[in-house]
Amino acid sequence: MRFQGPFGIRNRTGDEMKEGHLPVLAEEVLTLLAPASGSLQIDTTLGGGGHTERILGATDPDGRLLGLDADGAAIARVRDRLAARFGDRLVLRQANFRELASVAPAAGFPAVDGMLFDLGLSSFQLADTGRGFGIRAGGPLDMRFDPNVGVPASELLATLDARELAALFRRYGEEPQAGRIARAIVEARRTAPVETSEDLAELVERIASGAPGRRRIHPATRVFQALRIAVNAELDALAIGLASAVDLLRPGGRLVVLSYHSLEDRIVKRFLDAERKGCICPPSVPVCVCGRTPRLRLLTRSLTAGPAELAANPRARSARLRAAERIAA
Ligand SMILES: C[S@@+](CC[C@H](N)C(=O)[O-])C[C@H]1O[C@@H](n2cnc3c(N)ncnc32)[C@H](O)[C@@H]1O
């Protein structure tokens, strides 16, 4: 499948031009979701509402969309920007997508035609100096999408022992220096807590090896990713959210997922594969005993951003899009 034109450049809205979040692979998302007039859609990760705005536009004049975000600030931002324009066609709920199975029917979306997951965090969160998501933004190390749920990242850094920290950095960051970094954190906190994004970035930078001039990413990138994933239990939420999404899709309904690192993409890929095949019995079992039948048809091989989008939006660099259609099961 070929996609024409740098959608992100030609069709940026006023807010996006200022300093907001540019929706990634926006043209591809629309093509694959194929949202039609009168359809029901769910954007499980509103962020700045860039995808939502385009999906609602494509469902004119009467399509409706349920927008979720775990972060109340995202809900407020999108309400301010889009509520007046779309009226009751846009329904907003602050919720984690792990709760899709209950939240969607309760909001009037018991069966839908399209479902988008645009994983990870938004440019707004990354730039927010009060949240600790951004290595360069600085600020207290919180990292919770919903600051009322779970514990801040600084608490994990203060309470886990070196072995637990190393396991976390290895598991969720695939960090090759996990052990050294974990030991350095435990050593450093004997003198002063590691509480801010600057504290952590400097600490990792000090002990990470490699010539700084040749690094493509900041040496603390994997450690930040690992902490964020752990704080928000992101991988569990993804597995649960995807399963609920397929339950909610009508036959012919479309699922589009954008992931930003290999841990997420692996979960998405395996999930889609399993739903495409249906039966999950091991090859040694001669007759199916699981009773599962295929529920999805893949719409495309995984897609990545083209050069024009990459030039306009560095966040698109690591994005990988997968899409599937619900078949009658
Ligand atoms: C990459 S941004 C979405 C950007 C959006 N598509 C746009 O065009 O502006 C991801 C958003 O998903 C939210 N998020 C991440 N995990 C979530 C989860 N499990 N449940 C609900 N929201 C989640 C984050 O708070 C963030 O606002």
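The values are calculated or read from the model by the stated rules, or taken from the named source; none is laboratory data. Since we're looking at a predicted model, the values are computed, not measured. Cβ sites come from the backbone with ideal geometry, for glycine too, and all protein chains shown count toward neighbours.
Go through the residues of region 85-93 one by one and say whether even a single one is within 12 Å of the ligand (Cβ to nearest atom) and either β-branched (Val, Ile, Thr) or in a helix (DSSP H, G or I) (or both). No, region 85-93 contains no residue that is within 12 Å of the ligand (Cβ to nearest atom) and either β-branched (Val, Ile, Thr) or in a helix (DSSP H, G or I) (or both). Flag set for residue 268, criterion: crowded, with 19+ Cβ neighbours inside 10 Å and either touching a residue at least 60 places away in the same chain (Cβ under 8 Å) or under 14 Å from the mean Cα position of the chain (by Cα) (or both). Taking residue 139, is it outside the structural domain of residue 322 (by TED's automatic domain parsing), at positive phi and within 15 Å of the ligand (Cβ to nearest atom)? Judged against the criteria, residue 139 is not a match.
Restricting region 147-173 to residues that are among the hydroxyl-bearing types (Ser, Thr, Tyr) and touching a residue at least 12 places away in the same chain (Cβ under 8 Å), which is farthest from residue 72 (Cα to Cα)? In this case the residue turns out to be 172. Cβ-Cβ below 7 Å, separation at least six or inter-chain, first residue in region 117-130 and crowded, with 23+ Cβ neighbours inside 10 Å, second at pLDDT below 90: which pairs? Correct list of pairs: 122/21.
Matching residues to (1) surrounded by 18 or more Cβ atoms within 10 Å (Cβ to Cβ); (2) modelled with pLDDT under 95; (3) out of contact with any strand residue (DSSP E or B) (no Cβ under 8 Å at 6 or more places or on another chain):
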| site | (1), (2), (3) |
| --- | --- |
| 5 | no, yes, yes |
| 13 | no, yes, yes |
| 22 | yes, yes, yes |
| 33 | yes, no, no |
| 36 | no, no, no |
| 77 | yes, no, yes |
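All of 253, 241 fail the test of being closer than 30 Å to residue 39 by Cβ and outside any helix (DSSP H, G or I), apart from 253.
Taking the conditions exactly as written (more than 24 Å from residue 24 (Cα to Cα), buried (at least 19 other Cβ atoms within 10 Å of the Cβ) and either over 15 Å from the mean Cα position of the chain (by Cα) or within 15 Å of the ligand (Cβ to nearest atom) (or both)), does residue 133 satisfy them or not? In short, no.
Going by the conditions given, is residue 68 more than 8 Å from the ligand (Cβ to nearest atom) and aliphatic (A, V, I, L, M)?
Spelling it out, it is not the case that residue 68 is more than 8 Å from the ligand (Cβ to nearest atom) and aliphatic (A, V, I, L, M).
Considering region 283-307, the residues that are farther than 21 Å from residue 245 by Cβ and surrounded by 13 or more Cβ atoms within 10 Å (Cβ to Cβ) include one that is farthest from the chain's Cα centre (by Cα), namely 306.
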